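The values are calculated or read from the model by the stated rules, or taken from the named source; none is laboratory data. Every value quoted in this text rests on a predicted model; they were computed, and no experiment measured them. All Cβ positions, glycine included, derive from the backbone under ideal geometry; neighbour counts span all protein chains shown.
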Amino acid sequence: MTVEKKRVSVTANGQACSAEVEPRKLLVHYLRDDLGLTGTHVGCDTSQCGACSVMVDGDVVKSCTMLAVQADHSEITTVEGLGTAAELHPMQQSFWEEHGLQCGYCTPGVMIAAIGLLKENPNPTEEEIREGLEGVICRCTGYQFIVSAVQKAATRIQETGVNLNSQRLVGEGTQND
Amino acid sequence: MTKMVGSSVKRKEDARLLTGNGNFADDITLPGMLHASVVRSSSAHAKIKSIKVEEALNHPGVVAVYTGKDLEGKIGPIPTSWYVPGCNLKEPPQYPLAIDHVRYVGDGVALVIAEDRYTVKDAAELIEVEYEDLPAVVNQKEAMEEGAPLLHEDIENNIALNWKAGEIPEGIMENAEVVVKESFYVQRVFPSPLETRAAIGQYNPGSGELTLWCSSQNPHIHRMVLSEVLGISEAKFQVIAPDMGGGFGGKIGVYPDEALIGYAARDLERPVKWIEERSEHYVAANAGRDEYIDVELAGKKDGTLEAIRVKNTANLGAYLSTMGAGVSTIDFGMMVTGSYDIPYAESETFGVYTNTTPTDAYRGAGKPESTYQIERIIDLFAREIKMDPVELRRKNFIKKEAFPYQNAHGLVYDSGDYEKPLNKALEAINYEELRREQEKKRKEGKLIGIGFSTYVEMCGFGPSEVVGAVGFQGGTWENSTVRVHPSGKVTVFCGTSPHGQGHDTTFSQVVADKLGIPIEDIEFVFSDTKSVSMGWGTYGSRSTAVGGAAVSFASDRVVEKAKKIAAHELEVSENDIEFENGKFQVKGVPGKERTFQDIAHSANMAWNLPEGMEPSLEAQYFFKPENFVFPFGTHVAVVEIDKDTGEIDLQRYVSVDDVGTVINPLTAEGQVHGGIAQGVGQALWEGAVYNKNGQLVSGTLMDYTLPKARFFPHIESDFTETPSPVNPLGAKGVGEVGTTASIACAMNAVVDALSVYGITDLEMPLTPEKIWKTVQEKEGNQ
């Protein structure tokens with residue numbers, strides 16, 4: 001039962017990447033195993049936990065719920081496309097300052113989901129943040145410091161005028177296909 | 001220099017975790033690496049009639065298939081690590097793969113190894129196992145009954161252990177003015193680290209060395225146990241815990257799967273990776289709690305408590321897990337009097353085998369259950385004698401002057417001032433006003449509840465002689481080496497094994513203060529058996545109280561030696577040197593000094609050392625604590641129940657914890673929040689459910705409720721600080737307090753709200769459906 005592999009080409013964090021994959025391969029495994037972007041994690045097998053959240057063409061997507069072939073020609077942003085240790089993205093900086101992470105396993109997905117939230121609602125209330133993080137699960141923090149991190153990031157992004165659509169590698173919106 | 005201990009230093013470990021540069025088990029890829037999948041029993045109880053593996057073996061890309069029979073005589077059974085004495089403990093063998101008899105859904109029956117992660121799953125599907133089903137029993141009380149299906153032929157009534165402690169003199173219970181009885185069930189829940197379990201084995205056929213990367217809270221225990229199981233010298237066996245996506249007790253256990261991966265890597269002479277799936281995790285990884293607790297609390301009408309009798313019937317699952325025997329006995333039973341001066345106590349535990357996944361430690365491990373029963377029953381006692389629950393607690397608190405205090409079971413609580421956090425919490429919620437408001441709203445027909453938990457817990461495992469006496473197969477002391485490089489930069493090794501707690505940071509704060517160097521100059525090495533001398537890992541809130549203490553002592557030794565070198569170089573007596581802010585200064589002679597870095601260089605060069613002194617600047621300390629540590633505190637929850645929907649609105653949650661000296665207020669608060677989320681989670685939402693046939697019906701995150709952000713209000717947390725005399729840091733433990741306190745706290749609030757109906761107990765979790773039905777029934781009856 002050899003299955004013909006398909007070539008999947010994406011722009012991941014601003015870089016053109018390509019690999020041949022089985023049509024059934026999940027996007028998250030393509031990112032992790034083929035592109036080496038291991039910052040995105042898998043926490044469940046039923047699309048509940050959101051640890052695998054990435055941006056595909058500017059939208060937050062659970063990458064365990066999408067096939068790699070469906071992402072062909074898209075622009076993908078993972079945690080590796082936010083900031084670097086020397087120059088953290090405002091979301092990362094806020095998570096650091098507010099202690100928004102403990103084990104750090106859910107964190108990449110949570111930060112991506114939070115950026116998605118701020119794109120839609122740049123100045124959310126505490127309640128809106130809690131509601132807006134419906135798609136992600138953190139087992140360590142009890143969420144309180146995640147909420148304060150997102151609040152701080154919102155303020156910081158507004159103050160510094162960072163454009164979430166153009167900040168480094170966060171997707172520019174659909175332009176392919 | 002500003003003191004580091006006590007300040008909210010931002011975490012050192014975060015830069016890598018925030019940028020996707022963590023190194024979790026599944027991030028590790030080795031040349032020629034194979035992938036493994038464990039085929040698991042779909043039957044809760046059955047004889048294996050046959051296993052057909054040919055089709056899987058012939059599947060392209062499959063390298064090997066092992067069954068239990070293939071491994072007979074090659075890997076030993078996985079032993080428990082806690083032989084609780086005096087309880088007639090019966091440990092059935094747990095083979096890494098079942099040989100001819102499966103005892104729970106999830107019991108491993110075959111191991112498949114293939115070239116990639118998709119192929120191995122395909123091949124696992126091709127294994128055909130024929131079962132002859134046997135009757136199953138999932139409930140421990142039913143399993144103890146005559147005629148219940150037997151899991152292990154020679155274990156009568158499925159009783160694994162019957163443990164007792166303490167004796168209440170005759171007449172006390174019988175003649176008491178008031179005896180309040182209740183039966184509680186602390187349901188089975190899943191620790192649920194967001195990263196499932198994982199193992200990667202790599203064997204070097206030339207050297208005979210085996211390396212196992214393993215998502216473990218205690219790699220040295222894994223090495224100790226698995227070296228026996230696999231028949232390999234500890235000196236040729238390295239266990240490394242890479243970055244871990246949480247543990248919460250679920251990764252203490254030494255599991256069959258980890259032994260299998262080590263075995264397969266050695267057998268195939270190729271690296272093998274196994275990453276557990278979430279739905280697999282819920283059937284195969286140890287669960288927590290699952291204890292029926294019957295309590296009788298006796299006292300006087302004026303509220304003086306006299307005696308407590310507790311019986312725990314605990315579900316151990318199908319086999320005895322690593323700490324399985326200790327959780328419901330020692331951890332639970334020795335602390336049943338809680339924070340109260342109750343002269344007499346009697347604890348009894350039955351541990352029972354059932355056709356379910358084994359249970360083991362889960363955040364708090366016995367302490368949340370113990371706290372649950374005492375904090376719940378004291379509320380009911382207060383109701384019975386019509387006393388305010390806070391007043392009853394205060395009346396029976398162990399007094400500040402009584403410490404060190406020996407409880408009815410002989411445990412000596414190190415230090416405490418229980419009024420302090422209580423008063424702070426009462427002030428935070430404005431208690432009297434809150435009660436008045438509750439009264440007012442009750443008159444309007446609203447269901448408002450206020451719940452308390454004034455807990456104390458035992459942690460900081462622990463004094464070796466004591467843990468040995470209670471049968472634990474470990475030393476639970478801790479070890480640290482402080483290595484000073486020629487530049488003055490420092491690498492510190494420690495035998496605890498953090499997985500989210502932030503010890504890189506908090507322990508660095510300790511070292512920075514001791515050595516007077518910037519925190520950036522300090523790096524920590526944990527979780528690697530080849531680098532770190534023997535250590536005992538992270539569980540039981542022991543890391544700071546025991547590991548952090550070892551770090552502190554080892555740092556002292558470095559300073560002690562460095563001081564001698566400085567005195568020698570400065571040609572003064574050691575007594576003339578004072579060490580402050582990283583400088584060895586001749587007293588009263590400004591400028592006559594050596595920096596820590598100067599001495600680091602001198603020591604490593606060894607050009608001019610005091611006579612007879614060994615070169616280098618490095619010290620190790622093995623710290624064996626004299627006692628456990630006993631953090632305490634007060635939690636308060638305020639709830640309102642919607643009669644029409646049964647929904648519980650958690651309106652306020654206030655925690656005031658005393659965990660001794662707080663090293664880092666920010667990370668300590670994070671630990672408390674996380675603990676509360678898990679405890680409130682157990683009270684309100686989480687529950688593992690088996691059907692009668694032993695099928696887990698809550699086996700995915702679609703069926704098992706892990707709390708989300710919107711479930712919680714803003715938690716109002718605070719601390720008081722009563723240092724522990726047991727270690728030089730004064731630290732107790734903060735990892736488990738939130739969970740230990742909050743299950744009872746949330747329940748007490750809901751039961752208080754429903755007390756208008758005369759309700760004394762409900763079974764957790766308090767789902768809206770359950771509450772709605774209860775309210776409807778009671779309203780209908782009125």
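A few points about this structure:
- For beta carbons closer than 7 Å, sequence separation of 6+ or different chains, a first residue in region A:57-84 that is within 14 Å of chain B (Cβ to nearest Cβ) and within 15 Å of A:Asn13 (Cβ to Cβ) and a second that is surrounded by fewer than 19 Cβ atoms within 10 Å (Cβ to Cβ) and at pLDDT 95 or above, the qualifying pairs are A:Gly81/A:Gly14.
- Test for B:Pro590: is it at pLDDT below 95, in the same structural domain as B:Val482 (by TED's automatic domain parsing) and farther than 30 Å from B:Ser717 by Cα: yes
Table: residues versus (1) assigned to a strand (DSSP E or B); (2) of a type in the set (A, V, I, L, M, F, W, C).
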| residue | (1), (2) |
| --- | --- |
| B:Val310 | yes, yes |
| B:Ala314 | yes, yes |
| B:Thr322 | no, no |
| B:Gly326 | no, no |
| B:Phe332 | no, yes |
| B:Val336 | no, yes |
| B:Ala345 | yes, yes |
| B:Glu348 | yes, no |
| B:Gly351 | yes, no |
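- Test: A:Val8 is in contact with a Phe, Trp or Tyr (Cβ under 7 Å, 6 or more places away or on another chain), in contact (Cβ under 8 Å) with a residue 24 or more places away in the chain and outside any loop (DSSP other than H, G, I, E, B): yes
- Screening B:Ser42 on (1) surrounded by fewer than 23 Cβ atoms within 10 Å (Cβ to Cβ); (2) farther than 21 Å from B:His281 by Cβ; (3) touching a strand residue (DSSP E or B) at 6+ places or on another chain (Cβ under 9 Å) shows it passes everything except condition (2).
- Output for region B:395-434, where each listed residue is surrounded by fewer than 17 Cβ atoms within 10 Å (Cβ to Cβ), farther than 21 Å from B:Leu305 by Cα and in contact with a strand residue (DSSP E or B) (Cβ under 7 Å, 6 or more places away or on another chain): B:Leu434
- Condition met for B:Ile378 (within 30 Å of B:Ile759 (Cα to Cα), among the aliphatic types (A, V, I, L, M) and under 22 Å from the mean Cα position of the chain (by Cα)): no
- B:Gly208 being modelled with pLDDT of 95 or more and more than 28 Å from B:Leu89 (Cβ to Cβ): yes
- Total residues in region B:622-642 satisfying the condition of being assigned to a strand (DSSP E or B), among the aromatic types (Phe, Trp, Tyr) and either surrounded by 20 or more Cβ atoms within 10 Å (Cβ to Cβ) or modelled with pLDDT under 95 (or both): the figure is 2.
- Boolean, B:Arg542 is at pLDDT 95 or above, closer than 27 Å to B:Pro725 by Cβ and surrounded by fewer than 24 Cβ atoms within 10 Å (Cβ to Cβ): no
- Some residue of region A:26-45 being within 10 Å of another protein chain (Cβ to nearest Cβ), modelled with pLDDT under 95 and over 19 Å from A:Val150 (Cβ atoms): yes
- Filtered by the rule that a residue be within 22 Å of B:Ala425 (Cβ to Cβ) and either without any contact (Cβ under 8 Å) to a residue 60 or more places away in the chain or buried (at least 20 other Cβ atoms within 10 Å of the Cβ) (or both), region B:720-729 gives B:Thr720, B:Thr722, B:Ser724.
- Any hit, region B:280-290, residues being of a type in the set (Asp, Glu), more than 19 Å from the chain's Cα centre (by Cα) and within 14 Å of another protein chain (Cβ to nearest Cβ): yes
- Residues in region A:92-124 that are touching a helix residue (DSSP H, G or I) at 6+ places or on another chain (Cβ under 7 Å) and acidic (Asp, Glu) were compared, and the one that is nearest to the other protein chains (Cβ to nearest Cβ) is A:Glu97.
- Filtered residue count, region B:682-697, keeping only those that are assigned to a loop (DSSP other than H, G, I, E, B) and either of a type in the set (Gly, Ala, Ser) or not assigned by TED's automatic domain parsing to the domain that holds B:Tyr362 (or both): 3
- Taken as a whole, the structure places B:Val490 among residues that are at pLDDT 95 or above and either more than 21 Å from B:Asp658 (Cα to Cα) or not assigned by TED's automatic domain parsing to the domain that holds B:Gly338 (or both).
- Candidates B:Glu306, B:Glu258, B:Glu291 - the one that is in contact with a Gly (Cβ under 6 Å, 6 or more places away or on another chain) and either more than 24 Å from B:Pro85 (Cα to Cα) or not in a helix (DSSP H, G or I) (or both): B:Glu306
- With respect to (1) within 14 Å of chain A (Cβ to nearest Cβ); (2) surrounded by 24 or more Cβ atoms within 10 Å (Cβ to Cβ); (3) touching a Gly at 6+ places or on another chain (Cβ under 7 Å), the lone exception for B:Phe712 is condition (2).
- Flag if B:Ala307 is buried (at least 24 other Cβ atoms within 10 Å of the Cβ), more than 22 Å from B:Leu422 (Cα to Cα) and either in contact with a strand residue (DSSP E or B) (Cβ under 6 Å, 6 or more places away or on another chain) or without any contact (Cβ under 8 Å) to a residue 40 or more places away in the chain (or both): no
- Any hit, region B:354-363, residues being buried (at least 24 other Cβ atoms within 10 Å of the Cβ), among the basic types (Lys, Arg), at pLDDT 95 or above and closer than 29 Å to B:Asn396 by Cα: yes
- Spans of strands (runs of 3 or more DSSP E) in region B:472-562 with at least 1 residues farther than 19 Å from A:Cys103 by Cβ and without any contact (Cβ under 8 Å) to a residue 60 or more places away in the chain: B:490-494, B:522-525
- Test set (1) hydrophobic (A, V, I, L, M, F, W, C); (2) over 20 Å from B:Ala637 (Cβ atoms); (3) buried (at least 23 other Cβ atoms within 10 Å of the Cβ) - B:Ile378 fails condition number: (2)
- Filtered by the rule that a residue be buried (at least 22 other Cβ atoms within 10 Å of the Cβ), among the small types (Gly, Ala, Ser) and farther than 21 Å from B:Asp122 by Cβ, region A:16-73 gives A:Gly39, A:Gly43, A:Gly50, A:Ala51, A:Ser53, A:Ser63, A:Ala71.
- Any hit, region A:125-132, residues being at the interface with another protein chain (Cβ under 7 Å from one of its Cβ atoms), under 12 Å from the mean Cα position of the chain (by Cα) and surrounded by fewer than 24 Cβ atoms within 10 Å (Cβ to Cβ): no
- Residues of region A:1-15 satisfying the condition of being crowded, with 17+ Cβ neighbours inside 10 Å and either acidic (Asp, Glu) or at the interface with chain B (Cβ under 10 Å from one of its Cβ atoms) (or both): A:Asn13
- Some residue of region B:683-698 being at the interface with chain A (Cβ under 9 Å from one of its Cβ atoms) and either at pLDDT 95 or above or out of contact with any Pro (no Cβ under 7 Å at 6 or more places or on another chain) (or both): no
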